[in-house]
Amino acid sequence: MKKFNILRCINCDSDGNFDISNDSYIKCLNCFSEFRYINQRPLMVKNDFYGFGNLVESARKLKLRDSSGQKNYWDQSIDPKKFFFKELFPKCNKFDLQWEFLGRKVSLMVQEIYNKSNENTLVLDVGAGDARYGAFFSKNTYISTDLVFSSERHNFDNIDIISDVEKLSIANDSADYILNFALMEHVPHPDLVVKEMFRTLKNGGKIFSIIPLTRPEHMQPFDFYRFTQFSIRKLFSENGFTVELIKGSNNALWTPVHYLYMICLSYPFENFKNRFFAILINRFLFILLFPLVFIARKLDKYFPDNFPIYYWVECEKK
Ligand SMILES: [Zn+2]
């Protein structure tokens, strides 16, 4: 099984050297540390890790990974952008400029990886969450890693290796590509994560990342940072990467209009006592805001590019 070949012991830093004959734990053959093996996932964190008990409990609830029922892009042979909106993020609005941009970038990324890869190409998803992007890489080896703390927001059933992104249990020079989407704001020490991604990426490998400049607090209390394009450049270049591209998801008009729309319509006056009145105002605002949204979409490109919702980032390890 491929995932054991790239596993690294977090106690002695030796690579791919485990006894996997036991059903409930795996053992490092170098330092003899034992790590839990729960529902076919190695749990590669130390026993004194923050929330270890919660992690074990959540891992026990994971379903066994079964790729037969999984969404698979290459069986469908359709445009990756269409697949992105139809299968991976069906609730996301293509009309929203940030999503339109991200859908386009992901589609280009999938095409780029496919043109240069084969079945041995390893795509490592760091902080994978729902691991939705795995559907694109059924032709390659796709391995997802994350902590699986129980959450209403994420379904972690597609996580292969349970690991702390600040101390990845992945061997040096393993991955051909790393995906790192909407993770960086949630980690206490982004610097450590970037160092680990550099270490685990092969020479000549590439990383794709999505990092927010302006997003409301989410997944509280695990929401620590927002990033300017300059902090992103500093973060990656100081840790060895060559930054190829940092591009905002939209320009400065769309961001306030997007949030005005989202806040009015997604949180319809939660604090109003009269429900009926709240819904009435909500519908009224919907009609009022619609032309504004339409105009903002058209005019956004003429506004400055210093106020996007997300940055799309591409870096190489040369
Ligand atoms: Zn060891």
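The values are calculated or read from the model by the stated rules, or taken from the named source; none is laboratory data. As the structure is a prediction and not an experimental result, all values here were calculated from the model. With ideal geometry, Cβ positions are generated from the backbone for all residues, glycine too; neighbour counts draw on all protein chains shown.
Among residues of segment 119-147 that are basic (Lys, Arg), those with a beta-carbon under 6 Å from a residue that is outside any loop (DSSP other than H, G, I, E, B) at least six positions away or on a different chain give the pairs Arg132/Leu88; Lys139/Trp74.
Rundown of residues vs (1) at pLDDT 95 or above; (2) closer than 30 Å to Tyr259 by Cα; (3) among the charged types (D, E, K, R), yes/no style:
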| residue | (1), (2), (3) |
| --- | --- |
| Lys206 | yes, no, yes |
| Gln220 | no, yes, no |
| Ile232 | yes, yes, no |
| Leu235 | yes, yes, no |
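Annotation: Trp74 fulfils all but one of (1) within 16 Å of the ligand (Cβ to nearest atom); (2) over 20 Å from Asp160 (Cα atoms); (3) not β-branched (Val, Ile, Thr); the unmet one is (1). When Lys298 is tested against (1) in a loop (DSSP other than H, G, I, E, B); (2) without any contact (Cβ under 8 Å) to a residue 40 or more places away in the chain, just one condition goes unmet, and that condition is (1). When the residues of segment 1-15 are filtered to those that are in a loop (DSSP other than H, G, I, E, B) and within 11 Å of the ligand (Cβ to nearest atom), which remaining residue is farthest from Asn47 (Cα to Cα)? Taking the candidates together, the pick is Ser14. What about Leu108, is it within 15 Å of the ligand (Cβ to nearest atom) and out of contact with any helix residue (DSSP H, G or I) (no Cβ under 8 Å at 6 or more places or on another chain)? When the stated conditions are applied, Leu108 does not pass them. Is it fair to say Asn22 is in a loop (DSSP other than H, G, I, E, B), within 16 Å of the ligand (Cβ to nearest atom) and surrounded by 13 or more Cβ atoms within 10 Å (Cβ to Cβ)? Here the answer is no, as Asn22 does not meet what is asked. Per the conditions (1) within 16 Å of the ligand (Cβ to nearest atom); (2) touching a residue at least 24 places away in the same chain (Cβ under 8 Å); (3) surrounded by fewer than 16 Cβ atoms within 10 Å (Cβ to Cβ), the sole criterion not satisfied by Pro42 is (3). Against the test of being over 17 Å from Tyr311 (Cβ atoms), surrounded by 14 or more Cβ atoms within 10 Å (Cβ to Cβ) and outside the structural domain of Lys105 (by TED's automatic domain parsing), the options Leu289, Leu265 yield a single qualifying residue, Leu289. The listed residues are Phe32, Phe49, and the only one of them that is within 15 Å of the ligand (Cβ to nearest atom), part of a loop (DSSP other than H, G, I, E, B), of a type outside the set (S, T, N, Q) and not assigned by TED's automatic domain parsing to the domain that holds Val106 turns out to be Phe32. Residue check: is Phe85 part of a loop (DSSP other than H, G, I, E, B) and either among the basic types (Lys, Arg) or out of contact with any strand residue (DSSP E or B) (no Cβ under 8 Å at 6 or more places or on another chain) (or both)? So Phe85 does not fit the description; no. Of the residues Asn155, Asn140, Asn120, the single one that is surrounded by fewer than 18 Cβ atoms within 10 Å (Cβ to Cβ), of a type in the set (S, T, N, Q) and farther than 19 Å from Leu62 by Cβ is Asn120.
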